Each structure stands twice: as C-alpha cells, then as structure tokens.
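**Student:** First the structure, which I've put down as structure tokens, then a few questions once you've had a look.
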Amino acid sequence: MEEEKQQIPLFRQSITKKQKLFGFVKYVTQAMSDSNVPMASKAITYYILLSLFPAVIVVGNLIPLLHLDKPTVISYIEFILPDDLHHYFLPTIVKVLSNSNKGVLSVGIVVSLWAISRGLNIAQMTMNEAYGLDINNLFAEQTFVNYVIRRTLAFLMTLMLLVIGVMAIVTFTFGQIFLNWLVPLLRIKSTLLDVFMRWKWPFAIVIILMIVFALYYFLPNIHLKFYYIITGSIITSVGLLGLSQLFSYYLKYFGSAWDNYGAIGAIIVFLLWVNMSVTIFLFGNAVNVGFAEAYGGPFLRRNTGKLTSYLKSHEKENN
C-alpha cells in the first residue's frame, strides 16, 4: 500500500497541503543536491566570463563597420550593467569600441561561441542531473557522429539565443529611431512612441522570460510539459531583475569600499553578480524539477528526451 502511494504523484495524493508543501520542498532540495548547484554555478560563471571579453572585442570591431552610434550602444550597456559598475568598465569598453581591428574579429567570434557553448553544455549536464538522469549511461555509448550532432545542436541553440539577444538590443537601442522613421511613413499615430517608451521595461521582462523558458525547455534531455516550468521561469526572471537592482543599491551606498581595488574590485563584484545570477537560474531549474516530480511522479526521471532516445536507438540498429 505504501509503495502504491509513493507511485502516485505528490500533488494528486490525498494528503494535507502542509504535507504537499514539505514534499515539494524536499524535491527541490534533492534536485539542487543531485546537481551540485554551487560547483556548477562556478563552472558556468567561468565560461561566461571567458566568453565576455571576446564578445566585447567582436562588438567593438563590428560597430565601426556597421556605422552604429557609439553613445547609443554605451547607453544600452549602462542599462544592462548594475549602477556604479559603469565607471569601472566603460573606459575599457570605449577604448575597444574606438579601435577596430578586423584581424581579431574572427578569432573573437570563435572563442566567444566556443565558451558560450561550453557553458551551455555544463548547464545541460547540471539540469540533467537535477532531473535524475544518469549522465554516464545517457551518452556512454555514443559515437563520434552523435557527439558532433550534440555539439552542433548546442552551437545552434547558442546562435538562437544570440539572435534573440541581438533583437532585444536592436529594439532597445534603435526602437525609437525606427519608430520615428516609421510613424510618418505609414501615417501611424505619434502616440505609438509613447506606448513604446512606456512598455520598454515590460518588454525586457518578456524577453528575459522567453530566453529562460527556452533554456528550461530545450536544454534538459527529458520530456517536459509547459506548466512544469512556468513557475521556475517566472521565479528566475524576477530573481535576475531583482538581483540586478539589489546590486545597484548595494554599490550605490556601499560600493565605495571597492574603490581602493580599482578594476580588480569591479571584476570581483561582477563575478559575484554573474555567479548569483547563475545560481538563481539553477534554483529555478530545481523548482521546475519539483513541479515535474509533484505532478508527473518519480517515473518522469526515467523519461529521456526525444533526441537522446533517437540517438541511442540509432546506435543499437548500427550495432
């Protein structure tokens, strides 16, 4: 009787709400423990930092070629970074944006994409471990061709996220300029400009939510229903925006303590910010695991994704 009860999903059992809450928290903490969130967040932070500097070099070499407005780009960078970090990073960024070197452009693109794909690969393995998937058995017998397929898919996902990010940057940076040109051309009411400026922040939240939701849905090698990951996506999106504001207030009132360390202090603060952001992302994934377990039951842990099932069945046919 006890074994049959354990097979019934937690949220469908005839128990009190308090017991369901404790069971859900247990699922979340177990997922965080299985995936070793502190260690994984440090590894992902490393690759994010490794990809950041080549990305800045790439952007700095592209801006002169595209004849983009440098002050406008800098204003968007100020929008992304927490307050009081600007005066540490902007001098270096301005120097990079002012000097174009086509020779390092291709190298910067390759290094940046490689580092981002490595970070995504670690995030994928961490999320698989949170769902209870055996990483060693999952790809133990994969061929070189299947390895190339997996790396190619990781690269394509990276490219997709970069496209979404660039679209967001273009919308924020040139949205008003584009509307100023479009309004008289199509004879649209000028109130559209006011609407765009009014909904700029909600649009940012929607973009972040879309990217987070896509990562939570496509990265794990497991079938997931949409409502399993909605709550975790919202928690992560709100947490990331809240963390950015928290760091802004901290640096505004207590950031003078880091002034003595100059650029090193800024890098330390930036590393803490990125590491906490990654931790929030992995915590949101643990929340998704909790909902998946609570609604779907323990059998969900053995349900691998379509791509993995196809690759493993294809290998068996060849053998």
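**Student:** Using modelled backbone amide H atoms (1.01 Å from N, in-plane), which distant-in-sequence or interchain residues come within less than 5 Å of ILE222's amide H?
**Tutor:** GLY305
**Student:** While we're on this one: Provide the packing ranking of 105-118, 284-297, i.e. peptides ordered by the mean count of other C-beta atoms within 10 Å per residue, highest first. Could the numbers behind the result be given before it?
**Tutor:** Values: 105-118: 17.9, 284-297: 23.1.
In descending order of packing, they fall as 284-297, 105-118.
**Student:** What pairs in LYS17/LYS42; LYS18/LYS225; LYS17/LYS225 have C-alpha atoms more than 29 Å from each other? Can you show the working numbers first?
**Tutor:** Numbers: LYS17/LYS42 36 Å; LYS18/LYS225 25 Å; LYS17/LYS225 23 Å.
Beyond 29 Å between Cα atoms: LYS17/LYS42.
**Student:** Grab the beta carbon distance between VAL195 and PHE218, set R0 = 41 Å, and tell me the FRET efficiency rounded to 0.05. Please list the in-between numbers first.
**Tutor:** On the way: r = 32 Å, r/R0 = 0.78.
E(calc), rounded to 0.05, equals 0.80.
Readers should treat all values here as calculations from the given coordinates under stated rules, not as data from a laboratory. Quick caveat, the model's predicted, so the values are computed rather than measured. FYI the Cβ positions are ideal-geometry reconstructions off the backbone, even for glycines, and counts take in every protein chain you see.
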